[in-house]
Structure formats: structure tokens, C-alpha cells
Amino acid sequence: MFMNNSQLIQILNTRVLFNRSSGLTLMLLFSVSLSTAAILTVKQDGTGNFTGIQQAYLAASSGDTILVYPGTYYENLDITNSSKGITIASLYLTTQDESYIHNTIIDGNQNGSCIALKNTDQAVVTIIGFTVQNGNGFNNFTSGGGIYIEHANPKIRNCIIQNNNTKAGGGIFSKYSTFLLSGTTIRFNHSYLIGGGLYFGYEANAIFDTTSTLLK
């Protein structure tokens, strides 16, 4: 169940009262810690907290959720050198409606990787419910057209990674990392050198579930 901050605080306060006879201090500290998490909304029409995903990420704190409304976002998300554990998700997260995966698009506009995750291995970044397309790579357009992963441990759930291109790892490139792919389709990507759909090496590990599909 997805809860807003007030609901979360209300539930935690109820738990504090219920446990008044034992562990009160622990529960109070637990309440303060969890209730600081925020839900930041991204809407292109200006009615949300932000109009861009990168803006929201820069403003977010560890534990926050960035909820992105439908639209095509021409961005190259730079999630590097950070210890913030963040969830970035479309409305698929709250509705389980797969149409939001197709209608909430991160488009790299042939200007770099759509999403670059580097030096974030002290935190888990979770990406849920996007189409990731039209990227051409990190590090001078050489690696990870759709998603570039280095010294990071992201979870990528229920995404479509398509129509990206670069020299190595057209869809995803990973090194010195462990990442999860769940319910994710990788298709119609291109590499000029190696790994049209997916490349991982240099001590990288990928964890797949049975609903992930890899298509070149």
C-alpha cells in the first residue's frame, strides 16, 4: 500500500501508543526517522513539486520517493557521487497500471545516457515503471545508451529499455556493480562494439527474475 506522509505518521503514532508500556523510546525514534521521508511529484504542467526529474532528484533526501506523472521527459539523469537511497517511479508504482510504463518516458535525446548511476553503491536507487529510450551513452557516448551503471547497486523494475545506441551496452552497461532487473524488457537497442542489449563486466553482476525479457 502506498501512503502519504500524514498517513505514515498517523500509523506510527498509533503504534507508539499501543506500545506505551514497553519500548516507547525506540518506537518514538523509529517514528521520527521514517516520517521524514517525502513524496515529491513531477508534472510537466507545473502542478507538481517539480517539472523535471533531475530537479526532483537534486532536492530529494535519502528515503524519498519521486513520483513522475505521464509525459516524455527529455533528460539525461545524472545520479552520481551520491549516498541518497531514492525511489524514482511512474504512477505504475501506485496503480499497477502498465499503461503508465508506456506513457512515462525518459528520452535521452541522443545527448548521453538516459540514466547514469555512478558511485552510489552506499545506497540503493530504485527505478520503477518507465520507458527509457533514445540515449547514446555515458563517458563521451561510449557506454550504456539507456542506463550506465558503475559502482552502483540499482534496482530496475517494470521498465522498457528500447531504441538506445552506443559503443558498448546499447541498453544497459554495468561494471563494478550488482544490479537487479525485474519485469523489465530490453529491446531494439544497438551497440557498435559489444552488448547490443546488455553488457556487464569488470566484476559486475546482474540479478534477473523470471519476468525479465532481453531482446536485442
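The values are calculated or read from the model by the stated rules, or taken from the named source; none is laboratory data. Since the structure is predicted, the reported quantities are computational estimates derived from the model, not experimental observations. A quick note on method: Cβ atoms are made from the backbone with ideal geometry, for glycine too, and the neighbour counts reach across all protein chains shown.
General remarks:
- Taking the conditions (1) modelled with pLDDT under 95; (2) in contact with a Pro (Cβ under 8 Å, 6 or more places away or on another chain); (3) not small (G, A, S) in turn, I127 satisfies each one other than (1).
- The condition of being in contact (Cβ under 8 Å) with a residue 60 or more places away in the chain, touching a strand residue (DSSP E or B) at 6+ places or on another chain (Cβ under 9 Å) and surrounded by 22 or more Cβ atoms within 10 Å (Cβ to Cβ) does not hold for N164.
- Any hit, region 112-131, residues being surrounded by fewer than 23 Cβ atoms within 10 Å (Cβ to Cβ), hydrophobic (A, V, I, L, M, F, W, C) and in a helix (DSSP H, G or I): no
- Of all residues making up region 180-198, the number that are in a strand (DSSP E or B) and either crowded, with 23+ Cβ neighbours inside 10 Å or of a type in the set (A, V, I, L, M, F, W, C) (or both): 7
- Checked against (1) assigned to a strand (DSSP E or B); (2) surrounded by fewer than 24 Cβ atoms within 10 Å (Cβ to Cβ), N140 passes all but a single condition, namely (1).
- Scope region 199-216; condition part of a strand (DSSP E or B) and either more than 19 Å from N153 (Cα to Cα) or among the charged types (D, E, K, R) (or both); matching residues: T213, L214
- Residues located in region 76-102, provided they are surrounded by fewer than 18 Cβ atoms within 10 Å (Cβ to Cβ) and either among the basic types (K, R) or more than 26 Å from H151 (Cβ to Cβ) (or both): K84, T94, T95, Q96, D97, E98, S99, H102
- Residues that are among the small types (G, A, S) and loosely packed, with under 14 Cβ neighbours inside 10 Å were ranked within region 25-48; the one that is modelled with the lowest pLDDT is S33.
- Selection within region 185-194 - of a type outside the set (F, W, Y) and in contact with a Leu (Cβ under 9 Å, 6 or more places away or on another chain): T185, I186, R187, N189
- Counting the residues of region 49-72 that are within 21 Å of Q96 (Cβ to Cβ) and over 15 Å from the mean Cα position of the chain (by Cα) gives 2.
- G145 being over 24 Å from A38 (Cβ atoms) and either buried (at least 18 other Cβ atoms within 10 Å of the Cβ) or at pLDDT 95 or above (or both): yes
- Every pair of residues 6+ apart whose Cβ atoms lie under 7 Å, when the first sits in region 68-87 and is more than 14 Å from N119 (Cα to Cα) and in contact (Cβ under 8 Å) with a residue 60 or more places away in the chain while the second is of a type in the set (S, T, Y) and buried (at least 17 other Cβ atoms within 10 Å of the Cβ): V68/S90; V68/T104
- Residues of region 149-203 that are of a type in the set (D, E, K, R) and over 23 Å from S82 (Cβ atoms): K167, R187.
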